[in-house]
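The values are calculated or read from the model by the stated rules, or taken from the named source; none is laboratory data. All of these numbers come straight from a predicted model, not from anything done at the bench. For neighbour counting, all protein chains shown are included, and Cβ atoms are generated from backbone atoms with ideal geometry for every residue, glycine included.
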Ligand code: ADP
Ligand code: MG
């Protein structure tokens, strides 16, 4: 589903990532683990095509994303990749419904209110379609961000530290939400985390830094 080859990334401060090869199968669930500063967020941004790596290739769903021009990459990302960043990045001036319709629009897809309503209902947000992000609890905002990430039925779903700062019960809920939604789309799921609690729950681990 995605293939990384000879991937390297360096910031001004030096090398951060060096991944000779990583081939993730369609529908597989992965954790990217490693201590703070080991490059987890950098890797997710590269997989999402938000950041271009210093060297190497990233192929997602058969497309070498480094070969796409910026506009094509934005469109490709919108259609095929769902992202739940650490800060949820819901558009604060738009309702939950319009955040999701915007995601469809930006991907060049038809805006489908019925699909959005069904998705929100399945995430227990049926009564929040008209709410603005500041009117949501943290859990509701996180579910809305997941809804936006999966609204276009991506083939790759990425989440950055989705369980940090959550109590145990909400930690399991957040993990299950991502797993359920990834399964519903048939998406490959990649969760970057340093949360020890979830390490035993996902079998595939890609370790960065000195972690194991
Ligand atoms: P993690 O998510 O595992 O905590 P990051 O990918 O955020 O790791 O960061 C990896 C390293 O790269 C850190 O040392 C961080 O300081 C550095 N870094 C991250 N983003 C930038 C940036 N935009 N410019 C320079 N250095 C950065
Ligand atoms: Mg990070």
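Residues in the stretch 35-50 that are at positive phi and within 9 Å of ligand 2 (Cβ to nearest atom): 37, 39. Filter the stretch 54-85 for residues that are within 16 Å of ligand 1 (Cβ to nearest atom) and under 18 Å from the mean Cα position of the chain (by Cα); which is modelled with the lowest pLDDT? So the residue we want is 85.
Residues are listed down the side, and each one gets a yes or a no for (1) crowded, with 20+ Cβ neighbours inside 10 Å; (2) in a loop (DSSP other than H, G, I, E, B):
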| site | (1), (2) |
| --- | --- |
| 110 | no, yes |
| 146 | yes, no |
| 178 | yes, no |
| 183 | no, no |
| 206 | no, no |
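Contact map, the stretch 129-150: first residue more than 23 Å from residue 109 (Cβ to Cβ), second residue in a loop (DSSP other than H, G, I, E, B), Cβ cut-off under 7 Å, separation 6 or more or different chains; pairs are 131/95; 132/92; 132/95; 134/92; 140/125; 141/88; 141/90; 142/88. Residue 60 meets each of the listed conditions (1) touching a helix residue (DSSP H, G or I) at 6+ places or on another chain (Cβ under 7 Å); (2) within 16 Å of ligand 2 (Cβ to nearest atom); (3) within 16 Å of residue 76 (Cα to Cα) apart from (2).
Here 88, 100 are screened, and the one residue that is touching a helix residue (DSSP H, G or I) at 6+ places or on another chain (Cβ under 8 Å) and modelled with pLDDT of 95 or more is 100.
Could you list, in sequence order, all residues of the stretch 154-192 that are within 11 Å of the chain's Cα centre (by Cα), away from ligand 2 (no atom under 16 Å from the Cβ) and under 17 Å from residue 60 (Cβ atoms)? 154, 155, 156, 157, 182, 187, 188, 189 - these are the residues of the stretch 154-192 that are within 11 Å of the chain's Cα centre (by Cα), away from ligand 2 (no atom under 16 Å from the Cβ) and under 17 Å from residue 60 (Cβ atoms).
Regarding the stretch 133-148, can at least one residue be identified that is under 21 Å from residue 2 (Cα atoms) and out of contact with any helix residue (DSSP H, G or I) (no Cβ under 6 Å at 6 or more places or on another chain)? No, the stretch 133-148 contains no residue that is under 21 Å from residue 2 (Cα atoms) and out of contact with any helix residue (DSSP H, G or I) (no Cβ under 6 Å at 6 or more places or on another chain).
Scanning the stretch 159-170 for residues that are part of a loop (DSSP other than H, G, I, E, B) and within 16 Å of ligand 1 (Cβ to nearest atom) gives 161, 162, 163, 164, 165. Kindly indicate whether residue 156 is away from ligand 1 (no atom under 16 Å from the Cβ), touching a strand residue (DSSP E or B) at 6+ places or on another chain (Cβ under 9 Å) and modelled with pLDDT of 95 or more. Considered against the rule, which asks whether it is away from ligand 1 (no atom under 16 Å from the Cβ), touching a strand residue (DSSP E or B) at 6+ places or on another chain (Cβ under 9 Å) and modelled with pLDDT of 95 or more, residue 156 comes out as yes. Filtered by the rule that a residue be assigned to a loop (DSSP other than H, G, I, E, B), touching a residue at least 60 places away in the same chain (Cβ under 8 Å) and under 17 Å from residue 191 (Cβ atoms), the stretch 1-57 gives 1, 25, 26, 27, 28, 34, 35, 36, 38, 39, 48.
Quick check on residue 73: is it under 30 Å from residue 116 (Cβ atoms) and buried (at least 17 other Cβ atoms within 10 Å of the Cβ)? Yes, satisfied. Specify which of the listed residues (61, 70) is under 23 Å from residue 105 (Cα atoms) and in contact (Cβ under 8 Å) with a residue 12 or more places away in the chain. Going through 61, 70 in turn, just one is under 23 Å from residue 105 (Cα atoms) and in contact (Cβ under 8 Å) with a residue 12 or more places away in the chain: 61.
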